[in-house]
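Q: One structure coming up, written as structure tokens, with questions to follow.
The values are calculated or read from the model by the stated rules, or taken from the named source; none is laboratory data. Values in this document were obtained by computation on a predicted structure and should not be read as measured data. Here the Cβ is made from the backbone with ideal geometry for all residues, glycine too, and neighbour counts use every protein chain on show.
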Amino acid sequence: MTTADQYAVFGHPVSHSKSPRIHRFFAEQTGQILEYGKQDVPAEQFVETTRLFFQQSGKGLNCTVPLKELAWQFADQLTERARFAKAVNTLKLLDSGQILGDNTDGVGLVTDLTHNAGVTLTGKRLLILGAGGATRGIIAPLFQKQPVQITIANRTLAKAEALVEEFAELGQLTSSSYPQLAGLEFDLILNATSASLSAELPPLPDNILAEQGICYDLAYGNLPTPFVNWGKANHAAKSLDGLGMLVEQAAEAFYLWRGIRPPTAELIRQFDKERA
Ligand code: NDP
């Protein structure tokens with residue numbers, strides 16, 4: 001009996017994850033035969049559970065909070081973007097038996113911004129709020145689109161400073177505290193803090209969004225996040241959340257695993273309609 005290739009998302013918690021639905025939709029749309037499950041895996045059980053998964057016919061895994069750094073350590077090989085990010089959200093079993101680690105979050109964000117939302121990044125002044133794992137994953141893919149500068153603002157300034165030091169070779173990158181942002185202006189503000197998850201807003205000064213500026217919250221929910229609402233109140237030309245990024249990072253993982261690029265627009269529309 002041949003069994004379908006097995007894929008899954010590991011996280012802790014993971015019950016809320018939309019990944020099984022996304023990947024089953026992609027499989028249907030592209031005629032791929034696979035199964036995709038989800039498993040709650042606390043950090044301390046990650047290595048053992050992941051080894052077992054790949055020994056028992058697992059072909060690929062997505063890893064979410066708090067496992068991305070552990071997945072980065074677990075991988076035998078890394079893509080260049082995963083090496084930069086020091087975080088892995090996609091693992092793939094290679095023909096050699098080795099495990100490849102990739103990070104598709106950044107490319108998912110850039111695809112959603114540029115392709116789905118029609119936002120131009122070239123020559124723009126970008127502000128990233130937060131200096132955690134998500135920020136690590138998006139700096140290099142954003143610089144590939146040649147913005148004129150990227151500023152990273154964080155509550156704990158030392159973390160933003162450390163990222164600037166680490167990624168300095170990629171382009172014009174500076175760090176800032178929140179109060180130091182006063183008087184500056186940005187064309188695109190990306191919220192990569194986890195503040196939205198507790199219905200909070202980073203302490204942003206007024207008037208830092210340029211005319212026709214764009215706001216993008218990497219977080220998403222059934223209701224507009226506080227930062228999406230901040231963008232609207234500050235007259236953003238668009239104020240978006242990370243639902244499209246979620247679907248696009250999954251599409252990139254699916255492509256890595258199956259070699260086929262799945263369609264995303266219909267699924268993003270479906271998700272959007274369900275929360276309307
Ligand atoms: P981390 O825990 O690694 O980092 C959290 C960051 O948020 C830190 O910089 C922290 O600052 C900051 N922060 C937390 N609370 C506040 C607050 N109230 N005010 C200001 N800053 C705050 O999280 P991740 O980087 O992994 O994730 C960040 C966000 O990105 C999450 O909302 C996550 O859901 C989203 N995400 C979305 C994806 C998608 O596909 N749409 C993919 C990946 C992430 P400090 O350092 O001072 O503690």
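Condition check ((1) in contact with a helix residue (DSSP H, G or I) (Cβ under 9 Å, 6 or more places away or on another chain); (2) closer than 20 Å to Y220 by Cα; (3) of a type in the set (G, A, S)) across all residues:
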| site | (1), (2), (3) |
| --- | --- |
| F46 | yes, no, no |
| T49 | no, no, no |
| L52 | no, no, no |
| K59 | yes, no, no |
| N62 | yes, yes, no |
| R81 | yes, no, no |
| K86 | yes, no, no |
| S96 | no, no, yes |
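Q: E211 fails exactly one of the following numbered conditions: (1) within 10 Å of the ligand (Cβ to nearest atom); (2) touching a His at 6+ places or on another chain (Cβ under 9 Å). What is the number of that condition?
A: For E211, the failing item is (1).
Q: Test each condition in (1) modelled with pLDDT of 95 or more; (2) away from the ligand (no atom under 13 Å from the Cβ) for L190 and report the one that comes out false.
A: So the condition that L190 fails would be (2).
Q: Among what's in region 193-207 and is over 21 Å from the mean Cα position of the chain (by Cα) and more than 9 Å from the ligand (Cβ to nearest atom), pick the residue that is surrounded by the fewest Cβ atoms within 10 Å (Cβ to Cβ).
A: At the first step, the residues of region 193-207 found to be over 21 Å from the mean Cα position of the chain (by Cα) are 203-207.
After this cut, where a residue has to be more than 9 Å from the ligand (Cβ to nearest atom) as well, the list is 204-207.
Working: L204: 19, P205: 12, D206: 7, N207: 12.
Once the filter is applied, the top-ranked residue is D206.
Q: While we're here: From I138, I152, I99, which residue is within 15 Å of the ligand (Cβ to nearest atom) and within 30 Å of R51 (Cβ to Cβ)?
A: Criteria check complete, one pass: I138.
Q: OK, next. Give the residues of region 142-163 that are crowded, with 18+ Cβ neighbours inside 10 Å and touching a Ser or Thr at 6+ places or on another chain (Cβ under 9 Å), sorted by residue number.
A: P147, I150, T151, I152, A153, N154, A160, L163
Q: Another question, then. Collect the residues in region 162-179 that are assigned to a helix (DSSP H, G or I) and either closer than 15 Å to L129 by Cβ or within 9 Å of the ligand (Cβ to nearest atom) (or both), keeping them in residue-number order. Give the steps one after another, and end with the answer.
A: Looking only at region 162-179, we keep the residues that are assigned to a helix (DSSP H, G or I), and these are 162-170, 179.
Matches in region 162-179: L163, V164, P179.
Q: Looking at region 214-246, which of its residues are more than 8 Å from the ligand (Cβ to nearest atom), at pLDDT 95 or above and hydrophobic (A, V, I, L, M, F, W, C)?
A: Correct list: I214, C215, F227, V228, W230, A233, A236, A237, L240.
Q: I've got another one for you. Search region 1-30 for residues being outside any loop (DSSP other than H, G, I, E, B) and charged (D, E, K, R), and hand back the single one that is farthest from L91 (Cα to Cα).
A: Ranking the candidates gives E28 first.
Q: Something else now. For region 31-44, give me each residue that is surrounded by 14 or more Cβ atoms within 10 Å (Cβ to Cβ) and either β-branched (V, I, T) or part of a helix (DSSP H, G or I) (or both).
A: V41
Q: I'd like the full set of residues that are assigned to a helix (DSSP H, G or I) and at positive phi, limited to region 49-88.
A: Those that are assigned to a helix (DSSP H, G or I) and at positive phi: none in region 49-88.
Q: State all residues of region 185-206 that are farther than 16 Å from A237 by Cβ and in a loop (DSSP other than H, G, I, E, B); if no residue qualifies, say none.
A: Matches in region 185-206: A192, T193, S194, A199, E200, L201, P202, P203, L204, P205, D206.
Q: Would you mind finding the one in F74, F143 that is within 23 Å of I208 (Cα to Cα), more than 16 Å from the ligand (Cβ to nearest atom) and without any contact (Cβ under 8 Å) to a residue 40 or more places away in the chain?
A: None of the others qualify; the one that does is F143.
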